[in-house]
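The values are calculated or read from the model by the stated rules, or taken from the named source; none is laboratory data. None of these values were measured; they are calculated from a predicted model. Cβ atoms come from the backbone with ideal geometry, glycine included; neighbour counts cover every protein chain shown.
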Amino acid sequence: MQFSLCLALGYSHPDVMLETLTARQYVEWLEYYKRDPWGEQRADLRAGIIACTMSNRWRGKNEEASEPADFMPYTRQEQTAEEIKFQIQSVIRQVEHNGSGRNNQH
């Protein structure tokens, strides 16, 4: 969090920032971040929400629903080769079942 705050405030390093901010100011920034996060993690969440929505829209009846975290690179656990193969096959089945996905109206 300290490096993200440095980027947001224009400091070169957390050491420099912590010499400048008071403890109260630092806590206020942490509280602000909790209410309105910024940075790459937030961007990953937005992208995860979009990817999750699309994935769930085209999933099969017996397939488990996705969550935004499933599409966020730092929230998932590493996948095995078998899990990756299953996901690829699942996407192929969805595309084959739904055609190219174009002009399909449900």
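Per-structure values
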| item | result |
| --- | --- |
| First in the range 1-28 and surrounded by fewer than 15 Cβ atoms within 10 Å (Cβ to Cβ), second anywhere and of a type in the set (Gly, Ala, Ser) and modelled with pLDDT under 90, Cβ under 9 Å, 6 or more apart | LEU7/GLY39; ALA8/GLY39 |
| Residue tally, condition touching a residue at least 24 places away in the same chain (Cβ under 8 Å) and assigned to a helix (DSSP H, G or I), over the range 29-56 | 8 |
| Scope the range 30-57; condition more than 13 Å from the chain's Cα centre (by Cα) and within 20 Å of MET1 (Cα to Cα); matching residues | LEU30, GLU31, TYR32, TYR33, LYS34, ARG35, ASP36 |
| Test: residue in the range 29-39 that is surrounded by 12 or more Cβ atoms within 10 Å (Cβ to Cβ) and of a type in the set (Gly, Ala, Ser) | yes |
